[in-house]
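Taken together, the values in this text are just the output of simple stated rules run on the coordinates, not laboratory data. All of these numbers come straight from a predicted model, not from anything done at the bench. Please note: Cβ atoms are built from the backbone with ideal geometry, for glycine as well, and neighbour counts cover all protein chains shown.
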Amino acid sequence: MQKGKTSSVKSATESHECRLPLLKTCCSWAASHTVLIVDDEPVTRTAMVARLTRLGYRVLQASDGKSGLELLRRERPDLTILDWMMPELDGLAFCDEVRRDPNILSSQILMMTRYDQPEQIAEGLARGADDFLSKAATSYEIIARVQAGIRTAMLIRRLEQVTEQIRRKQDLLERELQSAARYVESLLPAPGTLLPGIEMAHAYRPALTLGGDLFNVVRWDDHSLGLYLLDASGHGVSPALRSASFSTFLREDSLLNQVGSSDPGAILTEANRQFPLTEDGNYFTIIFVLLDIRSRTLFYATAGHHGAFLQRLSGEIIWLSQRSLPLGFDPTNVYQTAAVPLMKGDRLYVLSDGLYEIPSPDGELWGQPRLEATMREEGRRPVAEVLSHTIDAAARWHGQEHFPDDVAVMGIELGI
Amino acid sequence: MADAKEEVVSIQTKERSVPNGVVLELTGDLTYANREQFKAAVEAVRQRGCRHLILHMDDVRFVDSSGLGLLALVSQNFKLMQGQVSMVKPQTYVREIMTLANIPKLIPVYDNEQEALAGYKMAA
């Protein structure tokens, strides 16, 4: 009789539950989800376990906060239904523990309580519960809240997975960028003696991992050599790729084949023809220098580049500047070569504008006059030291670890 | 050649027809960050067959290296269809940057729209 009665009660509940479309939906996806029930009251706990098991959930249970927390850490259930009032570790302290632990802090917690005052609910939410359920709630409400909690848990889990995927891809991309950066740096010339009496030092600090500035030396013969520094507009990987491609054009054999001259103006005129604006309007600026030792003359041409100067033994500074279009701005442009006589003790500095267009924390640019003053203060110290101290001074002005733009500079001691 | 200016300021474009041309009033910064907005506004004018684009620069505070490239590109695209880009009233700082890059050689700079229209008429 009693057995029959129980059976009839169960059957009534099931029949009631199955009439509700929400519950039908629930049964179909519940099987793949785990719910942990932490409650010290055996009757309430057992009833909840039975209800959720019947709906197809995988149900775990704990009779106190401490063992509940252990289960949560071990099993990572999709949802934890937590009793507020428990001896020792109560529901609020349980929430505190969960939100402190980075491994489980995203766990979904549905707090079950007899309290239903707004202040208490607010306190529970503030301490880390995600939702509340009254112990007097109907079966329908319980199921709906469990489903809602699990939906949120699924979204959070998906977000965690996607974040992890992005992090891995970012790591991979970072490693590839570093590898590309090592390649770009391998294109830079070795410092030291370029020709008898001509010593070169350089410094290169890309703003991002990969920079768009490049410089190099072209060894024409025993008494003349070319030097260039180019700067690709734009940000990111693209300028670095374009610079690397341009540097191939600027190799000695390529220039002999395609330009047939060591004249800086002729080289830039041909480069202007071969490197038009990109479809985004990106382009190069460049200075190309020819040092002719026999005639003691420096020849140069620029395309929108303003960063090179001669420093005389007296300290006088002569900027090598022409008003000229960057490459690609006018496909028909002819670039002119200018000449400057060299004097004993001259030093040549070829640099990117990233070395002087550096803002202070207030936005004021360091500028060419401060750069000149810093270099004058350095006097006749070795060129490598001058470069290193100048970059340090620029970095102090900027006040941040990284420069906003690529910094590239070559210093050449002309002991001729 | 990255832009030293960290603050992101957008660019607004307002189009106005004048006899024998279209004026594009620009407000904001012409920079790498705003390149798509600027390109789209200019392309819309060009695709309609406009031959003379006047960029009104009075409210442009800053042009970075990418902005200079875009101006050169726009000028080239208009030349391809026998068109012309002119510029009106760039602010002092913007004018200096453009002079350094020799932009006025590609895009004539005028003090007002009447002069720009007269300049185009003479060239045509």
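Taking R0 as 56 Å, what FRET efficiency do you get between A:D171 and B:M122 from their Cβ-Cβ distance, rounded to the nearest 0.05? Intermediate results must be reported in sequence, preceding the final value.
On the way: r = 60 Å, r/R0 = 1.08.
Given R0 = 56 Å and the Cβ-Cβ separation, E is 0.40.
Out of residues 5 or more away from A:Q61 or on other chains, whose amide H comes under 5 Å of its own, with H placed 1.01 Å from N in the peptide plane?
Counting only residues 5 or more places away or on other chains, the set is A:I37.
Just the number: Rg to Rh for the protein assembly as shown, Cα atoms, Kirkwood Rh, two decimals.
Using Cα coordinates only, the ratio equals 1.22.
Taking chain A as a Gaussian network, Cα atoms linked when under 10 Å apart, which of A:N272, A:N257, A:N333 shows the biggest mean-square fluctuation?
Sorting by GNM fluctuation, first place goes to A:N257.
About the Cα centre of the range A:319-393, how large is the charge dipole given +1 on each Lys and Arg Cβ and -1 on each Asp and Glu Cβ? Please answer in debye to the nearest 20.
Around 420 debye, computed over the range A:319-393.
Of B:Q12, B:H56, B:L106, which is farthest on the positive side of the dipole of the range B:11-123, counting Cα position, with +1 on Lys and Arg Cβ, -1 on Asp and Glu Cβ, and the Cα centre as origin?
B:L106
When chain B is modelled as a GNM with alpha-carbon springs shorter than 10 Å, which of B:L26, B:L71, B:L80 fluctuates the most?
Among B:L26, B:L71, B:L80, the largest mean-square fluctuation in the Gaussian network model of chain B belongs to B:L80.
Run the numbers on chain A and let me know its relative contact order in percent, using alpha-carbon pairs under 8 Å that are six or more apart.
Dividing the mean separation by the residue count of chain A yields 12 percent.
Under 5 Å between amide hydrogens, which residues at least 5 positions from A:L342 or on another chain qualify, with H placed 1.01 Å from N in the peptide plane?
The list, which skips near neighbours in sequence, is A:T297, A:L298.
Give me, ordered by chain and number, the residues 5 or more places off A:Y335 or on other chains with an amide H under 5 Å from its own placed amide H.
Excluding prolines and chain starts, which carry no amide H, the hits are A:T269.
Would you work out the charge dipole size for the range A:274-371 about its Cα centre, treating the Cβ of every Lys and Arg as +1 and the Cβ of every Asp and Glu as -1, and quote it to the nearest 20 debye?
Value, rounded to 20: 680 debye.
In chain A, which longest range has no GluC sites (Glu not before Pro) that are both DSSP loop (not H, G, I, E or B) and surrounded by at most 12 other Cβ atoms within 10 Å?
A:89-278
Please work out the Kirkwood hydrodynamic radius for the range A:155-287, using every pair of different C-alpha atoms, and report it in angstroms with one decimal place.
By the Kirkwood definition, the hydrodynamic radius is 17.0 Å.
Taking the Cα centre of chain A as the origin, how large is its charge dipole in debye, to the nearest 20, when only Lys and Arg (+1) and Asp and Glu (-1) carry charge on their Cβ atoms?
Computed about the Cα centre, the dipole is about 1640 debye.
Mind checking B:67-78 for the average number of partner chain beta-carbons within 10 Å of each residue's beta-carbon?
That works out to 5 on average.
Top mean-square fluctuation among A:L351, A:L125, A:L229, Gaussian network model of chain A, C-alpha springs under 10 Å?
Most flexible of the set in this elastic network: A:L125.
Mind giving me the FRET efficiency for A:S254 and A:V340? R0 is 30 Å, r the Cβ-Cβ distance, nearest 0.05 is fine.
Computed FRET efficiency for A:S254 and A:V340: 0.70.
Could you tell me the extents of the range A:189-414's C-alpha atoms along the three principal axes, largest first, rounded to whole Å?
44, 44, 30
Can you sort A:C95, B:C50 by how many other beta carbons sit within 10 Å, fewest first? Spell out each step's value before the answer.
Numbers: A:C95 24, B:C50 20.
If I rank by nearby Cβ atoms, fewest first, I get B:C50, A:C95.
Taking the Cα atoms of the range B:11-123, what is the range of coordinates along each of the three principal axes, in descending order and whole Å?
That works out to 30, 25, 23 Å along the principal axes.
Hey, what do the phi angles of the range A:150-165 turn into as Karplus ³J(HN,Hα) couplings, whole Hz, using 6.51/-1.76/1.60 and θ = phi - 60°, x for Gly and Pro?
Whole-Hz 3J(HN,Hα) from phi for the range A:150-165: 6, 4, 4, 4, 5, 4, 5, 5, 4, 4, 5, 5, 5, 4, 5, 4.
When averaged across all projection directions, what area in nm² does the alpha-carbon convex hull of the range A:270-395 cover?
9.4
What list of ³J(HN,Hα) values in whole Hz, one per residue of the range A:123-139 in order, does the Karplus curve 6.51 cos²θ - 1.76 cosθ + 1.60 (θ = phi - 60°) give from phi, with Gly and Pro shown as x?
After applying 6.51 cos²θ - 1.76 cosθ + 1.60, I find 5, x, 5, 5, 7, x, 6, 9, 7, 10, 9, 6, 5, 8, 5, 6, 4 Hz.
Of all DSSP beta bridges located in the protein assembly as shown, what percent are antiparallel, nearest 5?
65
Take every residue in peptide A:203-216, count the Cβ atoms of other chains within 10 Å of its Cβ, and give the average of those counts.
1
Using the Cα centre of chain A as origin and beta-carbon charges of +1 (Lys, Arg) and -1 (Asp, Glu), tell me which of A:A148, A:L188, A:S324 is placed farthest towards the positive end of the dipole.
In chain A, that residue is A:A148.
Check the straight Cα-Cα distances from A:K169 and name the aspartates and glutamates below 15 Å, setting aside those fewer than 8 residues away within the same chain.
Cα-Cα hits under 15 Å: A:E160.
Sorting A:I142, A:I104 on the 10 Å Cβ count, fewest up front, what's the list?
A:I104, A:I142
What are the ³J(HN,Hα) couplings of the range B:88-101, residue after residue, when phi is run through the Karplus curve with 6.51, -1.76, 1.60 and θ = phi - 60°? Round to Hz, x for glycine and proline.
Result, rounded to whole Hz: 10, 6, x, 5, 3, 5, 5, 4, 5, 4, 5, 5, 4, 8.
When each pair of different Cα atoms in the range A:86-210 is counted once in the 1/r mean, what is the Kirkwood radius in angstroms, to one decimal? Please report the intermediate quantities before stating the final value.
Numbers: mean 1/r = 0.0502 Å⁻¹.
Roughly 19.9 Å, rounded to one decimal.
Need one number for the range A:234-320: average projected area of the convex hull over its C-alpha atoms, nm².
7.1
Averaging sequence separations of C-alpha pairs under 8 Å and six or more residues apart, then dividing by the length of the range B:31-124, give the relative contact order as a whole percent.
The normalised contact order for the range B:31-124 reaches 31 percent.
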